[in-house]
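These notes concern the structure reproduced below.
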Amino acid sequence: MNDAPKTGWLSRLKAGLSRSSSALTQGINDLFTKRKLDAAAIEELEEILITSDLGVATAASLTQKIAAGRFDQEVTSEEIRSALAAEIAQILEPVAIPLELDTSHSPHVILVCGVNGVGKTTTIGKLAQTYVETGKKVVLAAGDTFRAAAIEQLQIWGERTNCPVIATELGKDAAGLAFDALEQAKSMNADILLIDTAGRLQNKTELMAELGKIVRVIGKIDDTAPHSCLLVLDATTGQNAHSQVEIFAEMIDVTGLIVTKLDGSSKGGVLVSLAEKFGLPVHAVGVGEQAEDLRPFKAEDFANSLMGLDG
């Protein structure tokens, strides 16, 4: 994924995180108006971080670090937000890893997972557009064979990006579709195969079996595939994202995360607690509907935007 011009992307990221950052900024500004960083202030600061979905453990460790050097001192809101942004950037830096394509694979197979409604299909379309713009040959596979809307949506993205879409009849075997898609992508000398999958968590056993079968079947053509297993998470779900990571990690070897819909959420802080708890690479974040609104994740930019600071 290529970077947009820095100013354009940063302003979009800031705007996208405005609901999350305004809640945090307002809370911190209200708390630290001519106020010492005493025990009561530390407790209130921790509560502000928890209500912004940074999670209990992350909120506690952040406030302890902030208190360590400044306890019982007069502090300003700006100082607290800057200190928090620096600590958050440190948590996020190790997971801010771009999605690297392995050119030794033809194609590089990317399996995209996530519960229904998180924006999997749209994310695949955006990734496809970004890769096509860099000269890559991309094939899309409509592996969510239970939802007509998902198949149709992927076909629309295929037309928009000039990418072939491999699809089958509604309700047909998803693993068979993935097998056909990989064979066809190989015959087309494609660089990348993006496979959409179902996300019906209400029947976890069936979904686990289906994802396992997809992995086994494509492994018969290429025993190194899939080369990336991306889990798409919707920021508006807040702490529920944690249980989604745990559930999908049981089913499949999740290699990285993409976090969508940050622009519709006041829970952007969840990304920080996800990074601290799971340590999985965060390849990209989404702050809008357009393809250019999905960009590689940058720790410092995100931390500053979350704290309402000019990065």
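Things worth noting here:
- Single residue of ASP102, ASP53 found to be within 16 Å of GLY268 (Cα to Cα) and assigned to a loop (DSSP other than H, G, I, E, B): ASP53
- Residue that is surrounded by the most Cβ atoms within 10 Å (Cβ to Cβ) [pool: residues in the range 140-198 that are within 14 Å of LYS120 (Cα to Cα) and of a type in the set (Asp, Glu)]: ASP196
- PHE297 fulfils the conditions (1) surrounded by fewer than 24 Cβ atoms within 10 Å (Cβ to Cβ); (2) under 15 Å from the mean Cα position of the chain (by Cα) except for a single criterion, (1).
- Residue under evaluation VAL254, criteria (1) at pLDDT 95 or above; (2) part of a loop (DSSP other than H, G, I, E, B); (3) of a type outside the set (Asp, Glu); (4) more than 30 Å from ASP301 (Cβ to Cβ), criterion not met: (4)
- Count of residues meeting criterion [of a type in the set (D, E, K, R) and under 13 Å from ALA174 (Cα atoms)] in the range 108-150: 2
- Check on ILE66, free of Cβ contacts under 8 Å to residues at least 40 places away in the same chain and buried (at least 19 other Cβ atoms within 10 Å of the Cβ): yes
- Residues within the range 272-311 that are in a loop (DSSP other than H, G, I, E, B) and farther than 14 Å from LEU257 by Cα, tallied: 9
Let's see how each residue does on (1) over 25 Å from the mean Cα position of the chain (by Cα); (2) loosely packed, with under 15 Cβ neighbours inside 10 Å:
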| residue | (1), (2) |
| --- | --- |
| PHE32 | yes, no |
| ARG35 | yes, no |
| GLY55 | no, no |
| ALA59 | no, no |
| GLN90 | no, yes |
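The values are calculated or read from the model by the stated rules, or taken from the named source; none is laboratory data. Quantities reported herein were computed from a predicted structural model and do not represent experimental measurements. Here Cβ is always computed from backbone atoms with ideal geometry, including for glycine, and neighbour counts include all displayed protein chains.
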